[in-house]
Every structure is written in structure tokens, then in C-alpha cells.
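A quick write-up on the structure given underneath.
The values are calculated or read from the model by the stated rules, or taken from the named source; none is laboratory data. Fair warning: this is a prediction, and the values are worked out from it, not measured in the lab. Every residue, glycine as well, gets a Cβ built from its backbone with ideal geometry; the counts of neighbours run over all protein chains shown. Quick note on the areas: whole protein, heavy atoms, side chains included, nothing else; ligands and nucleic acids left out. Shrake-Rupley method; radii C 1.70, N 1.55, O 1.52, S 1.80 Å.
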Amino acid sequence: HEIDADTMLATVHEVVSLAHDAIHQFEGSLNKLSVDDKGVSLLAVFGLPPVSHEDDAARACMAAMRLQERLRGIGHGSSVGVSTGQAFCGAVGSDIRREYTVIGDVVNLSARLMQAADGGILCETGTYEEAVVAIQFRKLDPIMVKGKSNLIPIFEPFAAMSADAKEKKKADSRQIMVGRERELKKFILSLVALREESQGSIQIIEGQPGCGKSL
């Protein structure tokens, strides 16, 4: 059923509560709810400070699938667009009124994908590449969206992978580290030195998300 200005307040509260629970279950943030001529829209964000994860794209897909499942359970349909990338996150406005918001091309693209989803969930390439180790996707035909001059490749998430499938996917996707030539050279030299001294060792590369250690 559509939600509009005539919808009972109790129904709206139930829908928003379901959305809030689905988003927070995967440690995302419900940023805003808006109502316009296109209907009711919710903006959820994953990765806002101080709660960020290396698998935020997968978490967003999981939250979207969970939300749609719960909304169908109470007789409501929904369309979801998921996009991954950089955006401005902060306060906007004046001393009289301001709000915390998220602005950027990645936000606009998610809205376009939502409009094209037609009761489903659509993701773009960035989300697919980040989440493919944990989520099963269907590749769909590219589409045109407002504000873009080229076709946008799109993907539909439909299920989470099993633990065994995740590990196999991660193992198959391992490759050499991108960049960090100076650091890798020092790392290799230290391994050579240890080998010459006939000493065994375990080398661990660790750091905070976003510091540049990705494979």
C-alpha cells in the first residue's frame, strides 16, 4: 500500500520503526525521512563516523533486503537504491536552523536507483565490487538515469552468502597490495633478512579502515 498524507499515523510509525530496526541491526544510521510528490523516502547511511566498517556496502545490502522482507510482511512494498562512494557528511544551515546531512553525487545516484528499482533493490558498480564477497547479486541490463550521460551498470542483491562461500570468495579474490611500493619493499627486505638468519616469523599487516591497506 502507498503511504501518503492520508495514511494513519500509527501505520507510518510502524513502517519507520521497521526501517529503523533493520538499519540499526547492521549499524547504519537513519539520516532523514522526507515526503514529496514522489512519496515517502528514507535516507540511510552506513559508515558515518564513529561507526564505520570495512563491509559497510554489504551491510547496506543486508539492511535493504531485511527491510523489504519486513515491509512485505505488513503489506507494504518498497524500492531501494544503494550506492557506495564519497560524500559530504556534516551540518548544513544557519544559526537559526541547521541539520546533519549527507550530500553528494553518490547520494543522488542512490535516489535515481531507488526510482528505477520498481519494488526491488538496485546497486551500482561500487556497491557490487565492495559487497560481492558477502552478497549474491544478479547482474541486470545497464540503465540511463537522470544526471548521467552514460549507461549505469546495475546489480540486484538477493541473498547473503554462507560462511563457507564467503571464505572461498575472499580466498579467490586475494591479490597483491595496490600501491605502497616503499612499504612493500621494506616488508620484503625484512622477510629476506629473517630468512637469512633462519628465523621463522609471522608478518601481520593491520590498520584502521581507510588507511590504505586494502588488497
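Assorted remarks:
- Surface calculation, 1.4 Å probe, protein heavy atoms: residue 103 sits at approximately 90 Å² accessible.
- The stretch 128-136 - phi-based ³J(HN,Hα) in whole Hz, Karplus 6.51/-1.76/1.60, Gly and Pro as x: 4, 5, 6, 9, 5, 6, 10, 10, 8
- Anisotropy class of the stretch 24-164 from Cα gyration tensor, a/c 1.5 cut: rounded
- The label-point distance for residue 76 and residue 189, in a model that sets each label 7 Å from Cα toward Cβ, rounds to 6.1 nm.
- Förster radius 30 Å - calculated FRET efficiency between residue 14 and residue 53 (Cβ-Cβ, nearest 0.05): 0.60
- Over the stretch 93-148, the Kirkwood radius and the radius of gyration, each from Cα atoms, give a ratio Rg/Rh of 1.10.
- Contour minus Cα-Cα distance for residue 151 and residue 86 (0.36 nm per residue): 21.4 nm
- Peptides 72-84, 124-136 ranked from most to least packed by the mean count of surrounding Cβ atoms within 10 Å: 124-136, 72-84.
- Volume of the convex hull of the stretch 1-102 (Cα atoms only), normalised per residue: 122 Å³.
- Two-site FRET efficiency, residue 158 against residue 37, from Cβ-Cβ distance with R₀ of 25 Å, rounded to 0.05: 0.25
- Residue 120 long-range amide H proximity, modeled H, under 5 Å: 80
- Split the accessible area of the stretch 5-93 by element, probe 1.4 Å, and carbon with sulfur accounts for 54%.
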